[in-house]
Amino acid sequence: MKPTTGLDASTANSVLLLLKRMASQGRTIIMSIHQPRYSIYRLFDTLTLLVSGKMVYHGPAPNALDYFANIGYLCESHNNPADFFLDVINGDSISATIPKTSDGESLDFEELSSSRQSIEERLVEEYKNSSYANNTRDELDRILQEKECFPCTKSRTITYNSPFFHQLRWVLKRTFQNLMLNPQTSVAQVGVHIFLGLVVGAIFFGVQDNQSGIQNRMGALFFITTNQCFSTVSAAELFIIERKLFVHEYISGYYRVSVYFLAKILSDITMRTITSVIFSSIVYFLIGLKSTASAFLVFTLTVTLVAYTATAMTMAISADQSVVGLASIFMTITFVFMMIFSGLLVNLPSIKDWLAWLKYFSIPRYGLAAVKVNEFVGLTFCKEAVTGNSSLAAAASNGMNPAGLTYLEYLGIEYSTWGLWVNHVALTAMMLAFLLIAYLKLRYIKKFS
């Protein structure tokens, strides 16, 4: 890397001081640098000089001047060592290089004007015969012998220099900073949910306890839960857009896969929670659903949990994809099938057994069942609703109270306390399963070429 490229002298010095502190803590810093000033050069522990891809020096940085002096190249007392090395290697400066004869006399100008090729060859040859080159070869031989004694396995092991929560803190901080620096997407999501909430609230505004009220309630609840599923398609790009960055940072040992995955989940959940609460608050009171605090809280919880589960499924589908459009197609098809088995478009108890099992994988079904139980339990309809609905009319003729319970029985929905919360348990289980699939896909995607 070139850490000082494009930086002024003061900033470059600050960067190198930081790298020096990191090196003193046990880190190995390998870098290339162009004409550093002396205050930067003296920070180096080891120096490597190349000419035309060939080694002319590799050893302790403080010993470099003595090495070149021993082979006949003397650095002036006030010259920058880095500039001196460049002059020697490139053969550009006569004043920087003072080769001497065997008698100790300086060579004349014509002899100093030897070709650059001969200078390069001499520098390379001098280094090959030096003690520094011998030490380097001995060290490489030792490393090779150790590798032969302990052969490497085919799998690559990545080590980390920082603990889990330290990595999570910084990756999470970066993720939220990216959201703050690029707020367009977040603002757009909030704006869309506010707009949809107002539109849905205006269409189903002030539902009544009559026949149309039953139909409007069902339509509104169906749209709300289905919309929560389709609105999560944007989560497909979470792992696709940053795929190259994630792979690079992971194989470099910056953080664990679990850290990156958890940071993305937490940042996305934050936005899903905000948009779901805003959307629920708008539609609930505009539509005029059951006016109790507990019912509103259960409704908001259900809508939010549906969004969580749908987002988890989106991540599970897109985690190993490389194209956002392809992942979006897969998710749209999946959500359409789930919508069919949600419980409104078809009466679930009437579905044939060989197809009925598909309803257990429908996210909208659990969400819609929960909000229907939450809304219809304790609700009593007027006489118009009884005469206009065959199921309620039959219940009334048998002396039963034409309440929401009868309608839930007609739909085949369990309306007990467990019948309500079993839907939340199912959504939570599906969410955890999808998150596990997404993590495993992210964990085992190809990272090494």
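Read-outs: derived from the displayed coordinates by stated rules, not from any lab. These numbers were taken from a predicted model, which means no experiment stands behind them. Positions of Cβ are generated from backbone atoms using ideal geometry, with glycine treated the same way; all protein chains shown enter the neighbour counts.
Listed values, structure above:
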{"read-out": "Fewest-first ranking of S281, S231, using other Cβ atoms within 10 Å as the exposure measure", "value": "S281, S231"}
{"read-out": "Value of Rg/Rh across the stretch 188-292 [Cα atoms, Kirkwood radius]", "value": "1.18"}
{"read-out": "Sorted by Cβ neighbour density within 10 Å, fewest at the top, the residues D138, D87", "value": "D138, D87"}
{"read-out": "Cα centroid of the stretch 1-72 to Cα centroid of the stretch 251-308, whole Å", "value": "51 Å"}
{"read-out": "Those chymotrypsin sites (Phe, Trp or Tyr not before Pro) in the stretch 242-273 that DSSP places in a loop and that have at most 14 other beta carbons within 10 Å", "value": "none"}
{"read-out": "Length-normalised contact order for the chain - Cα pairs under 8 Å, 6+ apart - percent", "value": "14 percent"}
{"read-out": "Amide hydrogen neighbours beyond the local backbone of V56, cut-off 5 Å, H modeled", "value": "L49, L50, V51"}
{"read-out": "Whole-Hz ³J(HN,Hα) from phi, Karplus 6.51 cos²θ - 1.76 cosθ + 1.60, for the stretch 75-90, glycine and proline x", "value": "8, 4, 4, 9, 8, 6, x, 5, 5, 4, 4, 5, 4, 5, 5, 7"}
{"read-out": "Greater than 19 Å apart at Cα, pairs in K2/K128; K290/K372; K20/K54; K173/K264; K264/K441; K147/K446", "value": "K2/K128; K20/K54; K147/K446"}
{"read-out": "Residue among Y308, Y360, Y127 with the largest mean-square fluctuation in a Gaussian network model of the chain, springs linking Cα atoms under 10 Å", "value": "Y127"}
{"read-out": "Structure-based [θ]222 nm, the chain - -39500 (n - 2.57) summed over DSSP H runs of at least 4, per residue, nearest 500", "value": "-20500 deg cm²/dmol"}
{"read-out": "Trypsin sites (Lys or Arg not before Pro) within the stretch 1-64, DSSP loop, no more than 15 other Cβ atoms inside 10 Å", "value": "R27, R37, R42"}
{"read-out": "Residues with amide H under 5 Å from that of I240, placed H, sequence gap 5 or more", "value": "none"}
{"read-out": "Cβ-based exposure ranking for K2, K128, in which fewest neighbours within 10 Å come first", "value": "K2, K128"}
{"read-out": "Compactness of the chain as Cα Rg over 2.2 N^0.38 Å, two decimals", "value": "1.60"}
